[in-house]
1. Over 22 Å from GLN94 (Cβ atoms) and over 16 Å from the mean Cα position of the chain (by Cα) - does that describe any residue in segment 143-150?
2. Is it true that some residue in segment 120-132 is out of contact with any Leu (no Cβ under 6 Å at 6 or more places or on another chain) and more than 30 Å from TRP35 (Cα to Cα)?
3. So if I check each of VAL8, VAL23, VAL43, which one is surrounded by 19 or more Cβ atoms within 10 Å (Cβ to Cβ), at pLDDT below 85 and at negative phi?
4. Name the residue, out of ARG148, ARG111, ARG123, ARG106, that is in a helix (DSSP H, G or I) and surrounded by 18 or more Cβ atoms within 10 Å (Cβ to Cβ).
5. Go through segment 152-174 and report how many residues are open to solvent by 60 Å² or more (accessible area, probe 1.4 Å), at pLDDT 90 or above and not aliphatic (A, V, I, L, M).
6. For ALA140, indicate whether it is open to solvent by 30 Å² or more (accessible area, probe 1.4 Å), in contact (Cβ under 8 Å) with a residue 40 or more places away in the chain and out of contact with any Pro (no Cβ under 8 Å at 6 or more places or on another chain).
Amino acid sequence: LTITWFMVILLLHGMVMRGEVAVRPPRQARTRASWERVLDAGVAILAEHGYSGLTIGALCERARVTPPTIYARAANKEALLLAVYDRAMQRVAQSDRLDPDDEIWRELPSRDVVRELVVGVVRIWTEGAPVLRPIVHRAAHDPEVWRRGTQLSVDLGRRFRAILLATTSGRASR
């Protein structure tokens, strides 16, 4: 069986479009540090200028790397965008404190649980607004960003519901 570069590119493109391949992970410490700078720069550029500002040139300038550093990791711009998206969502998740296993929920009166749940969701959206805004706009045109965002939203809704049900069922409002 002869595999051509064209076949490899088609295979990688299909995998990227399904979200199976984001980037080739760096192996060496120096390369990992460079890639971390690229991802962090990507999130900052995304928050400041949206997806249209997220160019290879802008990333290289901000992360202090050369284009081959980026091309060595990302199969294409879509893979790069998804890697930046994943880093952005990691940052947004830092505001997410809706853990159904956290004992604090069982200690609160029911009315406070509801208030704190709503405050928690609002915190996620407000603290993440600079980066979430361009992501939501991108999702309207990018099936993979839409798919990933939908999964995160469904997960947030399930955790919200689990906390609400676990803390309010069977007890009177305190």
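1. We begin by selecting, within segment 143-150, every residue over 22 Å from GLN94 (Cβ atoms); these are 143-144, 146-147.
Adding the requirement that they be over 16 Å from the mean Cα position of the chain (by Cα) leaves none.
Checking segment 143-150: not a single residue is over 22 Å from GLN94 (Cβ atoms) and over 16 Å from the mean Cα position of the chain (by Cα).
2. Step one: filter segment 120-132 for residues out of contact with any Leu (no Cβ under 6 Å at 6 or more places or on another chain), giving 121-130, 132.
Cutting the leftovers down to more than 30 Å from TRP35 (Cα to Cα) gives us 121-122.
Yes, because at least one residue in segment 120-132 is out of contact with any Leu (no Cβ under 6 Å at 6 or more places or on another chain) and more than 30 Å from TRP35 (Cα to Cα).
3. Values: VAL8 fails: surrounded by 19 or more Cβ atoms within 10 Å (Cβ to Cβ); VAL43 fails: at pLDDT below 85.
Testing whether each residue is surrounded by 19 or more Cβ atoms within 10 Å (Cβ to Cβ), at pLDDT below 85 and at negative phi leaves just VAL23.
4. Going through ARG148, ARG111, ARG123, ARG106 in turn, the sole match is ARG148.
5. Qualifying residue count for the region: 4.
6. Values: open to solvent by 30 Å² or more (accessible area, probe 1.4 Å): yes; in contact (Cβ under 8 Å) with a residue 40 or more places away in the chain: no; out of contact with any Pro (no Cβ under 8 Å at 6 or more places or on another chain): yes.
Considered against the rule, which asks whether it is open to solvent by 30 Å² or more (accessible area, probe 1.4 Å), in contact (Cβ under 8 Å) with a residue 40 or more places away in the chain and out of contact with any Pro (no Cβ under 8 Å at 6 or more places or on another chain), ALA140 comes out as no.
The values are calculated or read from the model by the stated rules, or taken from the named source; none is laboratory data. All figures in this text were calculated on a predicted structure; none of them were measured in a lab. Neighbour counts are summed over all protein chains in view; Cβ atoms, including those assigned to glycine, are modelled from backbone coordinates with ideal geometry. Ligands, DNA and RNA are stripped out before the accessible areas are found, and what is left, the full protein with its side chains, is counted by its heavy atoms. Shrake-Rupley method; radii C 1.70, N 1.55, O 1.52, S 1.80 Å.
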